[in-house]
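The values are calculated or read from the model by the stated rules, or taken from the named source; none is laboratory data. Given the structure is predicted, the values throughout are model-derived calculations rather than measurements. In this analysis, Cβ positions are derived from the backbone assuming ideal geometry, glycine residues included, and neighbour counts consider all displayed protein chains.
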Amino acid sequence: MKNGSLIFGALLSVLVIIAAGVSFLWVPFDITQLSIPDKLQTPNKIHWLGTDHFGRDILSMIMIGARTSLAVALLAVGIGFSIGVPLGLAAAARKNSLIDEVIMRTNDLIFAFPSLVIAILITALFGAGAMNAIIAIGIFNIPVFARVSRGAALSLWQKEFILAARVSGKSDFLISAEHILPNIANLLIVQGTIQFSLGILAEAGLSYVGLGTQPPIPSWGRMLADAQTMVSFAPHLAIIPGTAIIVTVLGLNLMGDGLRDILDPRVRKSRE
Amino acid sequence: MISLCLASVIIFTIVEIAPGDPASFMLGINAQEDTIAALRAELGLDQDKLSRYFSWISGMVQGDFGTSYTYRSPISNMIADRIWVSLPLALYALVISTLIAFPAGIYAATQRGKVGDVAVMGATQFGIAIPNFWFAMILVVIFALKLRWFSAGGFVEWENGIFQSIKSLTLPAIALALPQASILSRVMRSALIETLSEDYIRTARAKGFGKRAVIWRHALRNALIPVLTIIGLQFSFLLAGAIIIEQVFFLPGLGRLVFQAITQRDLIVVESVVMLLVFAVITVNFIVDIAYAIADPRLRRRV
């Protein structure tokens, strides 16, 4: 039971990843093919999850939508990680210096911005689309990673093995890259999982208001927006993409929690 | 204060470097060059960036947020109208969230490791994973379309009866509160578990206080610090983060105002409202710091 959440979460996440992966090779129906006579079918033997208002197969759209969601969230986390972690490490290496002060104050500042509003502002002004959505979500991942890596790195800088490395003449940069980074990797992976699930939710939200992924590329948020006017007589249009989002986010969060329990001895102890 | 200045520069810059000229946007694609130039002059867009920045800032300090490009009405009036939707909505959602999270978190902490704890924590995992706009749609289908207890959208003005207004904010507030309540329950639970393992709790128990008395008189108060932090963060999030929910329910709030202004290139409205929101976030964080001092006497000397 102890690793129950990890296993269950990993199962859900793998399910979504497989759906996305398979969609590159095969989907049950071609979603570029509109078929109005088949529109708004509820789940049945031919269309397992039914059809939308254009007669497109919902299962196929969900599978391709998984691809979109995962790609956007992954790239957004990638931006946050690749910029935030070096900044956090640099701040920790020069604790209380001007660099540290500037990085951390900028961090606080970005935290004070309403992220959703700024994301909407960026995507609306620079053009709606997946790329700008990735950047908008990614920017708000930077301070999260910077803060986590700085906090974890600070406590490591007090350790003897770091002192030994300094005595042996290694530069701060080398110490951060060779000794600090591998030791905070656990934490970063856990944080990455959480940010990944937040990215999925953010992408869905942006696409829902029409500023994320653009048609004809299917996206779960987009499908929900289309469903809104029809939800009273075709509830499956809303329930299915919603479930897809919930399954993905739930899977990632459970996996993150499970990983933290295993990787962070402090949490492990307090749970016992 | 420094953060506010920096924030204003950032907002101004984002909006400045964005493509799309408000004047040509307002006049449409067939507008003549000289008409556009005239409108730009009227809106003050022909002045250099620096003087426009300073007139924006100095106006805002005096409570003059400028005039909307599209509506031609003072932005301060527009904000004043909208804030009476967004602020009550955020507070309402926060109250619901707290009312759910406190009992749920305390219950889970006392039942730690038992079925009750697992059930509550499982439920909160769902609460966090559910996109609030999707939850909002489901609420509308069930409570507005099927049961007809609430209206599916729109806002009843306060003059038309407080009860009706609150009623029209109920579904949006519930939708907003769900993920917040889930997060807050988890914070409440872990904070309480942490304090319950402290020595002074054991001392209190050893002195013969019952479990319930210890939780209410000692543990809860000490567990409040992290909970207050999250409540503060959530309030500022709710004020700005309602943007999509306001869209779902057609509520005339601040979020919807920004959203419309963005799509209409009404940049001065966007700048001012975003600035106001950042100001609100920083103020709320400050208030939370003061609330710390009230909850934790040890911090009083430092503040």
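Side notes on the structure shown:
- Among residues of region B:285-297 being part of a helix (DSSP H, G or I) and in contact (Cβ under 8 Å) with a residue 24 or more places away in the chain, the one that is nearest to the other protein chains (Cβ to nearest Cβ) is B:Asn285.
- Residue within region A:175-188 that is at negative phi and within 12 Å of chain B (Cβ to nearest Cβ) present: no
- Test: residue in region A:256-269 that is facing another protein chain (nearest Cβ under 9 Å), within 21 Å of B:Val187 (Cβ to Cβ) and at pLDDT below 85: yes
- Single residue of region A:226-242 satisfying the filter (more than 9 Å from chain B (Cβ to nearest Cβ) and in a helix (DSSP H, G or I)) that is nearest to A:Asn132 (Cα to Cα): A:Asp226
For (1) touching a residue at least 40 places away in the same chain (Cβ under 8 Å); (2) aromatic (Phe, Trp, Tyr), each residue gets a yes or a no:
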site: B:Leu184; (1), (2): yes, no
site: B:Ile201; (1), (2): no, no
site: B:Pro226; (1), (2): no, no
site: B:Thr229; (1), (2): yes, no
site: B:Ile244; (1), (2): yes, no
site: B:Phe250; (1), (2): yes, yes
site: B:Gly255; (1), (2): yes, no
site: B:Thr283; (1), (2): no, no
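- Criterion (modelled with pLDDT of 65 or more and within 14 Å of chain A (Cβ to nearest Cβ)) met by exactly one of B:Phe12, B:Phe54, B:Phe65, B:Phe25: B:Phe12
- Tabulated pairs, region A:196-212, first more than 9 Å from chain B (Cβ to nearest Cβ), second of a type in the set (D, E, K, R), C-beta under 7 angstrom, 6+ apart or interchain: A:Ser207/A:Arg222; A:Gly212/A:Glu203
- Qualifying residue in region B:142-151 (condition: in a helix (DSSP H, G or I), modelled with pLDDT of 85 or more, crowded, with 20+ Cβ neighbours inside 10 Å and within 14 Å of chain A (Cβ to nearest Cβ)): no
- All helices (runs of 4 or more DSSP H) inside region B:206-282 with 2 or more residues being within 14 Å of chain A (Cβ to nearest Cβ) and aromatic (Phe, Trp, Tyr): B:220-241
- Search result, residues across region B:110-139 that are outside any helix (DSSP H, G or I) and within 7 Å of another protein chain (Cβ to nearest Cβ): B:Ile130, B:Pro131
- Selection within region A:136-150 - among the hydrophobic types (A, V, I, L, M, F, W, C) and over 14 Å from A:Leu198 (Cα atoms): A:Ala146, A:Val148
- Of all residues making up region A:29-46, the number that are hydrophobic (A, V, I, L, M, F, W, C) and in contact with a Lys or Arg (Cβ under 9 Å, 6 or more places away or on another chain): 3
- Test: residue in region B:235-249 that is more than 30 Å from A:Gly127 (Cβ to Cβ) and of a type outside the set (Ser, Thr, Tyr): yes
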